[in-house]
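These notes concern the structure reproduced below.
The values are calculated or read from the model by the stated rules, or taken from the named source; none is laboratory data. None of these values were measured; they are calculated from a predicted model. A quick note on method: Cβ atoms are made from the backbone with ideal geometry, for glycine too, and the neighbour counts reach across all protein chains shown. Side chains are part of the model used for accessible areas, which takes the heavy atoms of the whole protein and leaves out ligands, DNA and RNA. Shrake-Rupley method; radii C 1.70, N 1.55, O 1.52, S 1.80 Å.
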There are 2 protein chains.
Amino acid sequence: MTSPPTIPVLDLGGLLLVSIQGELPDEAAVDLQNDVTAAVADTGSRGLIIDISSLDMVDSFLARVLAEVAASSRLLAARTVLVGMRPAVAITLVELGLTLPGMDTARTVTEAAASFGVTIERKDRPERGAT
Amino acid sequence: MTSPPTIPVLDLGGLLLVSIQGELPDEAAVDLQNDVTAAVADTGSRGLIIDISSLDMVDSFLARVLAEVAASSRLLAARTVLVGMRPAVAITLVELGLTLPGMDTARTVTEAAASFGVTIERKDRPERGAT
C-alpha cells in the first residue's frame, strides 16, 4: 500500500487548496513543502491557496517554510495566496518583521479563488434539508 | 487570545469543507465532531464536504466519528459528502462492514460541491505565470 501525502492537497477547479492543521512539527513542515511542490508540478496548477485559519501562531520557522513553498511554486509558475490569517497572527508576524514576501493574501477561499479567475458560486435550487 | 478550532473548517460558497489530516488521535476526533457541528450550526450551511484523501486507513472509531458528524449535521439540516477516499480505504471499510450510512460520496471537492448546486468554475483569462 503506497502512503498518501501527509498533507491533503485538494483540487479546486484547477487550483490547489492546502489547509494547515494545528501546530506543524518540523518534519511535517518539510512534508508540506515536498507534497505541495510535487502537487504543483504534477497538476501544472496556476494557483496554490494555503489556509492557515486553524493556526493561532505562526513562528519564524513556519513563516520561512511558507515563503519557501511560495518561492518554489512560483518557479513552477504558480502563484500562492494565503487565506484565513487570524488578526493576532498578522500582528505577531509584523512584530517579528516577517512580512511573507512572495505571497498574496485573501480573506476567504472564495476570494482567493476569484483572484485566479475561478468562481465558486451557489446556484439557488431546492435542496434536501433546505427550506 | 481565543483558541481557534483545531480543525480548519473552510467556507466554499456557503458549503463547509473539512480536510482530515493524518491520523486523528481520539481527542482530535472529538474536536472534529464539536468544531464541525458548531460550524454547521453557526453558518446554517446546507452542506458539509469532508476530505479524507490524506488517510490511508479509516478504522472503526473514525468511521463512527464520521457517521456521528453526518448524523448531527443532518439534524441541523446539512447533508454530508465524503470525498477523496482511497481505494484501499474503501476495501477495508467494506471488509469491516462499515458502509458509512448517512453520507454520500464524491470523487472530488468540485463534484461534491456540484451536488449542492455550488459550481467551482475556471474562467479562462490571462494570468501571471500562465502561458
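Can you tell me the equivalent ellipsoid semi-axes for the protein assembly as shown? Use √(5λ) from the Cα gyration tensor, largest first, whole Å.
Semi-axes from the Cα gyration tensor: 28, 21, 19 Å.
Considering only region B:10-131, what is the antiparallel percent among its DSSP beta bridges, to the nearest 5?
On the way: 3 of 15 bridges.
Among the beta bridges of region B:10-131, antiparallel pairing accounts for roughly 20 percent.
Taking the Cα atoms of region A:7-113 alone, what are Rg (to one decimal) and Dmax (as a whole number) in Å?
Reported Rg and Dmax, both Å: 12.6, 37.
Going toward the positive end of the dipole of region A:24-94, with +1 on Lys and Arg Cβ and -1 on Asp and Glu Cβ, which of A:Pro25, A:Val36, A:Leu82 do you reach last?
Value: A:Leu82.
Could you grab the Rg to Rh ratio for region B:31-81? Cα atoms only, Kirkwood for Rh. Please list the in-between numbers first.
Numbers: Rg = 10.9 Å, Rh = 11.2 Å.
Radius of gyration over Kirkwood radius for region B:31-81 works out to 0.97.
Can you give the accessible area buried between chains A and B, summed over both chains, with a 1.4 Å probe, in Å² to the nearest 100?
On the way: alone 8150 and 8160 Å², together 12300 Å².
Buried: approximately 4000 Å² between B and A.
What nm distances, shortest first, do you get from the label point of A:Val30 to those in the other copies when the point sits 7 angstrom along Cα to Cβ?
Label-point distances to the other copies, shortest first: 3.3 nm.
In nm, one decimal, shortest first: how far is the label point of B:Ser115 (7 Å from Cα along Cα to beta carbon) from the matching points in the other copies?
Taking the point 7 Å beyond Cα along Cα→Cβ, the inter-copy spacings are 3.1 nm.
Can you list, shortest first and in nm, the gaps between the label point of B:Ala90 and those of its counterparts in the other copies, using a point 7 Å from Cα in the C-beta direction?
4.3
Could you state the accessible area per residue of the protein assembly as shown in Å², with a 1.4 Å probe and every protein chain left in place? Numbers along the way, then the final one.
Numbers: 12300 Å² over 262 residues.
On a per-residue basis, 47 Å².
Report, by chain and number, residues whose modeled amide H sits under 5 Å from the one on B:Thr105, excluding near sequence neighbours (fewer than 5 apart, same chain).
Amide H neighbours of B:Thr105, under 5 Å, 5+ apart: B:Leu82.
Could you check how much of the accessible area of chain B is carbon and sulfur, as a whole percent, using a 1.4 Å probe?
Working: 3470 of 6150 Å².
About 56 percent, which is the carbon plus sulfur part of the accessible surface.
So how much accessible area does A:Met85 have, in Å² to the nearest 10, using a 1.4 Å probe?
Accessible area, nearest 10 Å²: 60 Å².
Quick one: if the Förster radius is 35 Å, what FRET efficiency do B:Glu27 and B:Lys123 give, using the C-beta to C-beta distance and rounding to 0.05? Spell out each step's value before the answer.
Numbers: r = 43 Å, r/R0 = 1.22.
It comes out at approximately 0.25.
Can you give me the long-range amide H partners of B:Val118? Hydrogens built in the peptide plane at 1.01 Å from N, cutoff under 5 Å, separation of 5 or more residues or another chain.
A:Lys123
Based on the Cβ-Cβ distance of B:Val94 and B:Phe61, what FRET efficiency does E = 1/(1 + (r/R0)^6) give at R0 = 22 Å, to the nearest 0.05?
Working: r = 17 Å, r/R0 = 0.78.
Calculated transfer efficiency: 0.80.
Would you mind pulling out the separation of the Cα centroids of region B:2-68 and region A:9-63, in Å?
Computed from Cα coordinates, the inter-centre distance equals 18 Å.
Using helices alone, what [θ] at 222 nm do you get for the protein assembly as shown, with -39,500 (n - 2.57) per DSSP H run of 4 or more residues, divided over all residues and rounded to the nearest 500? Intermediate results must be reported in sequence, preceding the final value.
Numbers: 8 runs with 98 residues, N = 262.
So the calculated ellipticity at 222 nm is -11500 deg cm²/dmol.
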